[in-house]
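The block underneath contains the structure these notes are about, expressed in structure tokens.
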Amino acid sequence: MKWQGRRQSNNVTDSRGKSSAGKTAIGGALLGIVITLLYIFGGDSGAKIAPVLEQVAQQTSVEMTPGQTGRELSQKEIEMGQMVAVMFADTEDVWHKIFEQNGIVYKEPKMEIFEKQVQTACGSASWQVGPFYCPADQTVYMDLEFFEELHTKFGAQRGNMAIAYVIAHEVGHHVQNLLGTNAKVSELQARASKARANELSVAQELQADFYAGVWAGYIQKYLEPSDIQVALSAASAVGDDAIQAKHNSEINPETFTHGTSKQRQEWFLKGYNTMDIKQGNTFD
């Protein structure tokens with residue numbers, strides 16, 4: 001994806017390298033298949049994410065040593081932050097246009113780039129949570145170290161479009177929040193069986209993938225020939241079936257919360273090819 005020399009979002013906060021004194025960190029108990037399945041590219045509903053984050057934090061949180069100082073970011077880290085800010089700006093431009101076309105006003109979300117741990121309006125989170133969106137403060141949270149894990153542990157192809165796909169997916173959850181989808185899903189899940197609640201979660205996540213594809217369709221002039229394949233590789237790597245297989249777990253569709261690799265790829269491609277948000281009814 002071509003990003004150098006283009007507009008950066010003013011809604012991005014980079015807290016990497018800053019002092020972490022007094023912050024709460026979530027301990028290593030988060031690292032596991034359950035947390036991975038809950039959160040990888042997740043954070044779709046304030047009603048769902050906040051209690052879980054808080055519960056895990058209560059069980060495993062530790063205090064950082066007071067007086068711990070910050071550090072200087074490397075040039076590579078600085079450039080990666082700039083790239084992410086350009087990608088986030090692209091989501092702003094695209095969704096302003098789409099909302100305007102549909103007679104509604106788009107409210108821009110914020111993004112915080114963090115490292116190790118972060119405090120949010122949805123609770124405390126560590127990098128093991130993976131990128132997520134918190135509807136309570138309408139902010140996307142990302143530890144960019146996650147993307148090395150995405151390549152080395154989950155097998156996604158390297159390329160900055162993998163990062164762009166994740167950002168667009170999380171912004172897709174913001175779009176759902178603005179359109180009332182998240183609230184409706186939470187309402188339905190509250191009175192549904194566990195299996196049905198999981199089905200609704202899958203539909204919600206696949207729609208965020210669809211919205212990511214719509215976004216990619218709108219910015220085609222900035223894409224390199226291999227970018228869509230890189231995005232599809234990332235989508236495949238975080239399918240529920242792929243994650244369960246990599247953790248040597250029994251593949252159990254009833255526990256899926258995000259969709260299979262194939263489903264995630266298909267809905268991203270549908271969004272990319274149609275560029276029409278009215279085609280993204282994943283709940284039918």
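Every number in this text was worked out from the coordinates using simple rules, so none of it is lab data. Remember, predicted model here, so these are calculated numbers, not experimental data. Heads up, the Cβs are rebuilt from the backbone with ideal geometry, glycines too, and the neighbour counts pull from every protein chain shown.
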How would the range 124-280 be classified by its alpha-carbon gyration tensor: rounded, prolate or oblate, with rounded meaning a/c under 1.5 and the a/b versus b/c comparison settling the rest? rounded
What ³J(HN,Hα) values, in whole Hz, does the Karplus curve 6.51 cos²θ - 1.76 cosθ + 1.60 give for the range 119-128 when θ = phi - 60°, with x put for Gly and Pro? 9, 10, 5, 9, x, 8, 8, 10, 4, 5
Peptides 161-168, 113-120, 234-241 ordered by average Cβ neighbours within 10 Å, highest first: 161-168, 234-241, 113-120
